Structure formats: structure tokens, C-alpha cells
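To start, the structure under review is shown below, and the notes come after it.
The values are calculated or read from the model by the stated rules, or taken from the named source; none is laboratory data. Quick caveat: nothing in here was measured; it's all calculated off a predicted structure. With ideal geometry, Cβ positions are generated from the backbone for all residues, glycine too; neighbour counts draw on all protein chains shown. These accessible areas exclude ligands, DNA and RNA; they are computed on the full protein's heavy atoms, side chains included. Shrake-Rupley method; radii C 1.70, N 1.55, O 1.52, S 1.80 Å.
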Amino acid sequence: MKKIHLLLLIFIALATNSCSVYNFTGTGKIDAKTFQVGFFQNNAELIEPGIDRRFTLELQDLIQNQTNLNLVKNGADLSYEGEIVDYRISPMTATADQRAAQNRLTIRINVRFINKNKETDDFEKSFSFYYDYPGEQQLAGATLNSALKDIFERITQDIFNESLAKW
């Protein structure tokens, strides 16, 4: 019985010790304590008011929720900045009477990531995603909120994976 307890104790010690290198988000050990997210200006030709602020806040929230990094206003170890460069609505399929049966909203965001502690991790890259919606619906209200939620969720996760999870 003592051997079973000893084996169980060793297993628990190894299991909890291995969690110090990786966590549930897959980031591994982050060599930073602070991060900052600059305001992502909307420079797209087609402007949807408020998406710049919403995206900036969603990126901040994702990093805060998935890491133990502290958000600061300046002088951070990790810095995210960039701009929304494309906000486009395009028809995807047409009906027999030449109307759009389905539309697609595509958003593309250019991101510059700077890691003061490890400059080899720095990058500048564009991230984009889309949302398809029925052609008879206007891109407003609940449809717009759903589209932005889906698109920003995917783009922020892609940015997180590229900068911290290294996927």
C-alpha cells in the first residue's frame, strides 16, 4: 500500500511540475512580464465606426485572459500595434435575377509585434478573416455584431498564436 501511495505522489509531483513549461493556451514560457496594445486605427477605404476601438479592446482582453502578462500603457516588454487596412463587403453567390444570395464581409488587419526581450520574435504581418451572411440581410445590428464577433475572435486568436504560442 505504501508503494502505491509513493507512486501516486511521484505521479502528482511530475504532473504538476510539467505544467510549469506549458499551459492550457499552449504559450509555453513567456519571457516577458508586460504588454501593450496600441490603438488600431481604421485606415480601410470603407469605414465602419467603432470597429477600431472594439478590435483593440478584444485583442487586449484575449491576451489578458490567456496569459499572466500585465497590461501597461507604455514601456512594455511586448508591444502590439497596427491598423485595420481592409473592410470589404462582396457578393459571393447570385440568384437568377442577378441579386446577391450571399454576401461576405472581410476584414484585414496589419499587425506589428515587438518583443523587447527577444527581437527574433518581432514581425509585421497581415491577418484577415471573413463572415458570410444572407444577401437579403443588411449588415447592421445583430448581423454586424455577429460578424464582428466571429471575425475578431479568429483574428485575435491568430495574432496570439503567431506572437506567443508560436503555432
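Against the condition without any contact (Cβ under 8 Å) to a residue 40 or more places away in the chain and surrounded by fewer than 19 Cβ atoms within 10 Å (Cβ to Cβ), how does Asp150 come out, does it pass?
On the way: without any contact (Cβ under 8 Å) to a residue 40 or more places away in the chain: yes; surrounded by fewer than 19 Cβ atoms within 10 Å (Cβ to Cβ): yes.
It is true that Asp150 is without any contact (Cβ under 8 Å) to a residue 40 or more places away in the chain and surrounded by fewer than 19 Cβ atoms within 10 Å (Cβ to Cβ).
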Query raised in the report: Looking at (1) modelled with pLDDT under 95; (2) surrounded by 14 or more Cβ atoms within 10 Å (Cβ to Cβ); (3) not polar (S, T, N, Q), which is the only condition Met92 fails?
Result: (2)
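Could you identify the single residue in Glu124, Glu83 that is under 20 Å from Glu153 (Cα atoms), open to solvent by 70 Å² or more (accessible area, probe 1.4 Å) and at pLDDT 95 or above? Don't jump to the end; show me each part of the working.
On the way: Glu83 fails: open to solvent by 70 Å² or more (accessible area, probe 1.4 Å).
Going through Glu124, Glu83 in turn, the sole match is Glu124.
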Report task. Of the numbered conditions (1) touching a Phe, Trp or Tyr at 6+ places or on another chain (Cβ under 8 Å); (2) under 14 Å from Phe160 (Cβ atoms), Asp61 fails exactly one; give the number of that condition. Result -> (1)
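Residues that are among the hydroxyl-bearing types (Ser, Thr, Tyr): which strands (runs of 3 or more DSSP E) entirely in segment 53-167 hold 3 or more of them? Steps first, please.
Working: elements: 78-94, 100-115, 123-134.
Qualifying strands (runs of 3 or more DSSP E): 78-94, 123-134.
Applying the selection to segment 40-60, what residues are without any contact (Cβ under 8 Å) to a residue 24 or more places away in the chain and surrounded by fewer than 17 Cβ atoms within 10 Å (Cβ to Cβ)?
Kept after step one, since they are without any contact (Cβ under 8 Å) to a residue 24 or more places away in the chain, are these residues of segment 40-60: 49-50, 53, 56-57, 60.
Answer for segment 40-60, where residues must be without any contact (Cβ under 8 Å) to a residue 24 or more places away in the chain and surrounded by fewer than 17 Cβ atoms within 10 Å (Cβ to Cβ): Pro49, Gly50, Arg53, Leu57, Gln60.
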Report summary line: Filtering segment 105-121 down to residues that are within 20 Å of the chain's Cα centre (by Cα) and either of a type in the set (D, E, K, R) or open to solvent by 40 Å² or more (accessible area, probe 1.4 Å) (or both) yields Arg108, Arg112, Ile114, Asp121
Query raised in the report: Of these, Ile63, Ile159, Ile114, which one is of a type in the set (Val, Ile, Thr), in contact with a Leu (Cβ under 8 Å, 6 or more places away or on another chain) and without any contact (Cβ under 8 Å) to a residue 60 or more places away in the chain?
Result: Ile114
